[in-house]
Ligand SMILES: Nc1ncnc2c1ncn2[C@@H]1O[C@H](COP(=O)(O)OP(=O)(O)OP(=O)(O)O)[C@@H](O)[C@H]1O
Ligand SMILES: [Mg+2]
C-alpha cells in the first residue's frame, strides 16, 4: 500500500545550530515510533551521510555514483533522467529498537556537491537560464521524484546546508514543513529574522519564481544550556513572537538541551536506540515526535 509521506526540511542559514543532529535524532525517533523514514542529505559537508552510513558505505555509494550529487549532475548536466528511488540506500541504520533495526534509509551526499552546484549553475547559464530558470531546473529535478518517495516512506527528512544554496531554497519550498533549529542567543536570533525574511516574507521571498513554502517554519530551540539567563530571556522573547498574531514562525514546546549524551550519540556506535540516546534524551525525542506528528494531524 502506498504511504502518505510527509516531507520535513531541517534548515537554518546559520551554521552549527544543530540541524544535522536534529535530523539524525528525529529520523531515529520517528523510526523507533514505527515509521519508515528516509533522510536526504542536501549538504555538501555530507555530515548526515557520515553519521548514518559511516565511512565505508559512504565511500561505496560515492564510487557507485549513488549520491544526490550524481543524481543532480546526471539529470541537469547530462540530461540523463533516473528516478531518485534508485539512489535510496535502504535501512542504513545498525541501531535496533525492541529487537528490530530502525527503518531509516538514506540518499547520501558527497563533498563533490559543492563543485557540482557551481558546474550546474555555469552550465545552465551557458544554456541561457537566469537565476530563476536555474532554480526552476533544480526544483523539477528534486520535486519530480518526491511523489514516489512519499509513497515509499512515512517521513522524508531533508538535511539542508547552512547559507542559502539553490538546493536549500528548493528544499524549503517543496517540503510540507521546515524545522528551524535555533540556539537561543543573540546572534542566532538575528540570523533567524534574516532567514525568515529571505525565505518566507520580504522582497526576496516575493521575487522567487518557485512555489511559496507551504506554511511558516517551526522553531526548535536547540543546544539550550540550563540556567543561562540570556538564553532564558531569548527563549521567552521567541515564544512571545510565536504566540503573537500572524507570527513569522511557530515554535515547538520541546527544547533540545546542550548535552554530552547528544554529541556522543551522534558520533559513536551504539547497538540500540535507547542506549544511543539515554533515557532523558529519549523522553525529549518522544515529545518532539508527538509534536511533529501533531503538525500533520492537527492535534
Ligand atoms: N544538543 C546538543 N548537545 C551537544 N552538542 C550538540 C548538540 N547539538 C549539536 N551539537 C554539536 O554541535 C556541532 C554542530 O552540530 P550540527 O552538525 O548538528 O549543526 P549543523 O547546524 O548541522 O551544522 P552545519 O551548519 O555545519 O550543517 C556538532 O559537533 C554536534 O555534535
Ligand atoms: Mg549540518
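This ranking places 96, 67 by how few other beta-carbon atoms lie within 10 Å of each, fewest first, which gives 96, 67. Would you compute the Debye intensity of the stretch 1-121 from its alpha-carbon atoms alone, equal scatterers and no solvent, and pass along log10 I(q)/I(0) at q = 0.09, 0.10, 0.15, 0.23 Å⁻¹ to two decimals? Here log10 of I(q) over I(0) equals -0.26, -0.32, -0.71, -1.42. At an R0 of 22 angstrom, the distance between the Cβ atoms of residue 78 and residue 57 translates into a FRET efficiency of 0.30.
Maximal additional length on extending the residue 91-residue 260 stretch stands at 58.2 nm, based on 0.36 nm per residue less the C-alpha distance. Between 202, 15, 99, the GNM of the chain built on Cα springs shorter than 10 angstrom shows 99 fluctuating the most.
For the chain, would you read off the P(r) tail past 25 Å as a percentage of all alpha carbon pairs? Write down the numbers at each step before the final one.
Values: 20736 of 44551 pairs.
Roughly 47 percent, rounded to a whole number.
Among 127, 36, 223, which one shows the highest mean-square fluctuation when the chain is modelled as a Gaussian network with alpha-carbon springs under 10 Å? Highest fluctuation among the options: 127.
Within the listed set 155, 71, 270, the Gaussian network model of the chain (springs between alpha-carbon atoms below 10 Å) gives the highest mean-square fluctuation for 270. Note on residue 144 and residue 205: the model spin-label points, each 7 Å out from Cα along the C-beta direction, lie 3.0 nm apart. Between residue 232 and residue 151, the FRET efficiency from the beta-carbon distance, with R0 = 41 Å, is close to 0.40.
Ordering 57, 256 by the number of other Cβ atoms within 10 Å of each residue's own Cβ, fewest first, gives 57, 256.
When the Cα gyration tensor is reduced to axis lengths a ≥ b ≥ c, the ratio a/c is 1.5 or higher for the stretch 199-299, and with a/b above b/c it is classed as prolate. Packing, as the average of other Cβ atoms within 10 Å across residues, places the peptides 159-165, 186-192 in the order 159-165, 186-192, highest first.
Residue 267 to residue 242: extension gain in nm, 0.36 nm per residue of separation minus the Cα-Cα distance? It would help to have the intermediate numbers written out before the result.
Values: separation 25, 0.36 × 25 = 9.00 nm, distance 3.31 nm.
Contour length minus Cα-Cα distance gives 5.7 nm.
Give me the Debye-computed log₁₀ of I(q)/I(0) at q = 0.09, 0.12, 0.18, 0.22 Å⁻¹ for the stretch 109-243, equal point scatterers on Cα only, no solvent, two decimals. Here the Debye-derived log intensity ratios amount to -0.34, -0.59, -1.11, -1.38.
Using the rule -39500 (n - 2.57) for each DSSP H run of four or more residues, divided by the residues of the chain, the 222 nm mean residue ellipticity is -16500 deg cm²/dmol.
Each reported figure results from applying straightforward, stated rules to the coordinates on display, with no laboratory input. Computed from a predicted structure; not experimentally measured. Positions of Cβ are backbone-derived with ideal geometry, glycine not excepted, and every protein chain shown enters the neighbour counts.
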